[in-house]
Amino acid sequence: MINSNDYSVTIVGGCGHVGLPLACFISNKGLKVRAYDTNSDAVKEVNNATLPFIEPGVEKMLKEGLENGNFLATSDPSCVRDSNIIIIVVGTPVDSDNNPSSDHIFGIIEDLASYFNANQIIMLRSTVYPGTTEEVAKRILKYTGVDNLINCPERLAEGKAIEELGILPQIIGADTEFMYEKSKQFFNMLGIRTLKLSRKESEFAKLFSNAWRYIKFAATNELYTIAESNNCSYKNIRDAMMFQYPRNSDLPFPGFAAGPCLVKDTSFLSTYMANKFLMGNTALMINEGLPMFVVSELEKKYDLKNMVVGILGMTFKPEIDDIRSSLSFKLKKSLLLRSQKVLMSDPFASHHENKPLSEVLSDSDLIIIATPHSEYEKLEFSMPVFSIWE
């Protein structure tokens with residue numbers, strides 16, 4: 001264990017999906033961590049050892065950190081002043097057209113600037129629009145007199161944050177060897193290997209990684225639409241393609257490719273390239289259009305206008321409670337125009353339209369499994385069931 005007096009860490013946005021798992025992981029290594037968050041309700045909840053969301057492994061670490069004093073959530077920004085490491089996990093929001101706005105992160109820098117000093121490492125860790133890190137560095141330089149900003153993109157899968165924090169290497173975007181070595185020491189103490197890029201390269205590494213994953217999902221989703229449009233089973237075709245044929249082993253399952261990072265990061269690159277990111281634009285069109293394709297195919301088989309359709313699974317991936325960017329809601333909107341009524345249920349999601357599973361099953365003429373939560377595998381249905389995931 002590391003001596004807790006060696007470092008103190010403040011995570012800005014520390015009670016959210018990115019910040020809280022990281023804060024608990026670091027405190028579990030013996031360092032003093034403060035999760036600074038302006039959401040006072042979340043701060044109170046976290047300090048009561050209650051997670052605001054599902055993330056396996058975090059609750060145990062949170063309780064241990066609170067008990068041994070290594071962790072505390074707070075809405076007091078002065079904790080930034082006494083920290084060696086400032087990790088800012090507040091990302092870049094987008095408008096309704098997925099256009100990025102960096103004003104939010106610039107505002108946070110201005111709000112905290114009086115607490116920064118030249119001896120700190122200040123780290124950006126969320127998705128940022130290309131060039132944001134450089135602009136933030138200029139603003140911090142005005143207050144500290146030194147360029148002590150690095151970009152360390154977060155690349156963890158939601159639901160596997162603690163597991164992947166311990167095994168995935170950390171990209172460090174630093175424009176000087178001094179800042180790289182200084183931050184490398186911090187991550188090495190946590191047992192995390194590091195890779196060096198420039199700050200702008202690290203911004204692209206994060207965006208490219210998610211765009212590449214999103215493009216792969218789009219490829220399999222388009223192949224799915226081709227097969228299904230020709231009355232062929234894509235599952236059978238895919239199984240045959242992959243059987244003892246390693247060159248096709250990376251072909252993903254088809255399904256609703258969503259979540260806040262995949263869509264946003266691909267959109268960022270498209271915007272940055274003035275809509276000349278052709279593969280990204282196509283991937284967005286394919287993946288975002290898949291719910292409408294599903295409804296169109298179902299219309300060919302069923303009399304939807306006279307049917308109550310139940311949607312099972314509203315989160316953007318299985319076994320989590322995050323509904324951000326979930327395509328289940330786009331599926332629901334499309335069904336509302338073509339069916340008699342739409343019901344939805346999810347064992348994890350908190351939403352005002354969420355119905356009990358028993359009610360959806362009893363009242364629906366057709367079931368669509370939009371998110372393949374494991375508990376749905378055990379169900380026996382008395383009505384037709386559609387699942388793109390099979």
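Only the coordinates and a few stated rules stand behind these numbers; no lab work does. In this text, all values refer to a predicted model and were calculated from it rather than measured experimentally. Glycine also receives a Cβ, built like all others from the backbone with ideal geometry; neighbour counts cover every protein chain displayed.
Observations on the model:
- The length gained on full extension between residue 278 and residue 253, counted as 0.36 nm times the residue separation minus their Cα-Cα distance, comes to 6.7 nm.
- The charge dipole of the chain, taken about its Cα centre with unit charges on the Cβ atoms of Lys, Arg (+1), Asp and Glu (-1) only, comes to about 700 debye.
- Annotation: extensible slack from residue 340 through residue 359 equals 5.2 nm (criterion: 0.36 nm per residue apart, minus Cα-Cα distance).
- Estimated FRET transfer efficiency (residue 178, residue 139; beta-carbon r; R0 22 Å; 0.05): 0.60
- In terms of the mean number of neighbouring beta-carbon atoms within 10 Å, the peptides 201-208, 125-132, 375-382 order highest first as 125-132, 201-208, 375-382.
- Bridge orientation summary for region 8-197: considering DSSP beta bridges with both residues in this region, about 10 percent are antiparallel.
- Between region 4-77 and region 159-233, the Cα center-to-center distance that results, in Å: 24 Å
- Relative contact order, whole percent, for the chain stands at 11, derived from Cα pairs under 8 Å and 6 or more residues apart.
- Among the listed pairs 200/330; 44/355; 206/333; 305/333; 216/300, those beyond 25 Å (Cα-Cα): 200/330; 44/355; 206/333; 216/300
- Selection from 220, 210, 279 lying farthest towards where the dipole of region 194-287 points positive, charges on Cβ: 210
- Under a model in which nothing but the beta-carbon of Lys, Arg (+1) and Asp, Glu (-1) is charged, region 205-387 shows a dipole of about 640 debye around its Cα centre.
- For region 99-145, averaging the sequence separation of C-alpha pairs within contact (under 8 Å, six or more residues apart) and dividing by the residue count gives a relative contact order of 57 percent.
- From least to most packed, judged by other beta carbons within 10 angstrom and beginning with the fewest, 317, 332, 142 follow the order 142, 317, 332.
- Beta bridges by DSSP in region 3-121, antiparallel share as percent, to the nearest 5: 5 percent
- Phi angles across region 158-170 convert, under the Karplus curve 6.51 cos²θ - 1.76 cosθ + 1.60 with θ = phi - 60°, into 3J(HN,Hα) values of 4, x, 10, 4, 5, 4, 7, 4, x, 10, 7, x, 9 Hz, Gly and Pro given as x.
- Ranked by the mean number of other Cβ atoms within 10 Å per residue, highest first, peptides 359-367, 39-47 order as 359-367, 39-47.
- The simple Förster model, with R0 at 35 Å and r as the Cβ-Cβ distance, assigns residue 242 and residue 324 a FRET efficiency of 0.65.
- Between the amide H of residue 324 and those of 316, distances stay under 5 Å, these residues lying 5 or more places away or on another chain, with hydrogens modeled in the peptide plane.
- With a cut-off of 16 Å on the backbone N, no residue of region 266-282 is near the modelled label site 7 Å out from residue 160 along Cα-Cβ.
- Segments 347-355, 66-74 sorted - mean Cβ within 10 Å per residue, highest first: 66-74, 347-355
- Take every DSSP beta bridge whose two residues both sit in the chain; close to 5 percent of them are antiparallel.
- With the simple model of a label 7 Å out from the Cα in the direction of the Cβ, residue 59 to residue 119 spans 4.0 nm.
- Three-way shape label, region 8-197, alpha-carbon gyration tensor, a/c 1.5: rounded
- Matching the structure-derived Rg and Dmax of the Cα atoms in Å against the labelled list (i) 22.9, 69; (ii) 21.7, 66; (iii) 20.0, 62 gives the label (i).
- Projecting the Cα atoms of 133, 35, 172 onto the charge dipole of region 8-197 (Cβ charges, centred on the Cα centre) puts 172 farthest toward the positive pole.
- Residue-averaged [θ]222 nm for the chain, counting only DSSP H segments that reach four residues, each worth -39500 (n - 2.57): -13000 deg cm²/dmol
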